[in-house]
1. Once you've got the GNM for the chain with C-alpha springs shorter than 10 Å, pick whichever of 174, 147, 36 has the biggest mean-square fluctuation.
2. So what's the range 97-187 giving for Rg/Rh, alpha carbon basis, Kirkwood Rh from the mean inverse pair distance?
3. Would you look at the GNM of the chain, springs on alpha carbons closer than 10 Å, and say which of 26, 120, 165 moves the most?
4. What is the magnitude of the charge dipole of the range 55-187 about its Cα centre, with +1 placed on the Cβ of each Lys and Arg, -1 on the Cβ of each Asp and Glu, and no other charges, expressed in debye to the nearest 20?
5. Could you give me the percent of Cα pairs per 5 Å distance bin for the chain, shortest bin first, beginning at zero and ending with the bin that holds the maximum distance?
6. Compare the Cα positions of 121, 136, 147 along the charge dipole of the range 33-165 (+1 at Cβ of Lys, Arg; -1 at Cβ of Asp, Glu; about the Cα centre) and return the one farthest towards the positive end.
7. Among 71, 164, 89, whose Cα sits farthest toward the positive end of the charge dipole of the chain (+1 at Cβ of Lys/Arg, -1 at Cβ of Asp/Glu, about the Cα centre)?
8. Given the options 44, 143, 27, state which has the largest fluctuation in a GNM of the chain using a 10 Å cut-off (strictly under) for Cα springs.
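Values quoted throughout were computed directly from the atomic coordinates according to the rules given, and no laboratory measurement underlies them. What you see is a predicted model, and the numbers here were worked out from it, not measured in a lab. We place every Cβ from the backbone using ideal geometry, glycine too, and count neighbours over all the protein chains shown.
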Amino acid sequence: MKKLIYLILSAPILFSSCNQAPAGPSAEDKAVFEKNIDTFKSFAQNFNEENMDGLMALIADSVKWSPPYYNENKLLGYDDFGEAVKGYFDNFQDIKFEEGKGLIGSDKGFWGGSTFSSGSADPNPNILRVYGTWMTTHTATGAPANNKWYAVISFNEDGKIATFSDWMDVNGMNVQIERYVASQEAQ
């Protein structure tokens, strides 16, 4: 009888402990997440300085890149990524990234892991979602161009960018440049 009473009294404690929320990310995962943010900030700084060597040093040789423009959903590699960066350097100046700019309801530019998703939760700190706006000036015309931008970036064990999927309105840059040129011609 004592055992039965003990079981009845302990059952609520046992079942309530099963429903407790997870403790959150470990200190190690938080450190990895912060390191990945620092790597992306170095990436953006190297973009701003048009430092091709510094920027490409952050990219894994085996990178898989899904560009923001339509290419029949083909994954591209290291050399393709470098050529795209060079194209930006050749055609734009004062390239700057402002994290969180353009988001509604948040000014946070960096997110990692997922507590809620359509699949199972993923606490991986090596998958970074980046939100913000790239701001630049078109070199040939002086036209300012801004683009809201989103990327999902994963990092390998060496801390380099291993996968890079980004989205932005590539045509929107052309529209901004054309409007600027038309406004200059109208003056």
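1. Maximum among the listed residues: 174.
2. Working: Rg = 17.2 Å, Rh = 15.3 Å.
Computed over Cα atoms, the ratio is 1.12.
3. Taking springs between Cα atoms under 10 Å, the residue moving most is 120.
4. On the way: 10 positive and 17 negative charges, 64 e Å.
Approximately 300 debye in magnitude.
5. 1, 7, 12, 16, 17, 13, 8, 6, 4, 3, 3, 3, 2, 2, 1, 1, 0, 0, 0, 0
6. Value computed over the given set: 121.
7. Of 71, 164, 89, it is 164.
8. Result: 27 has the largest fluctuation of those listed.
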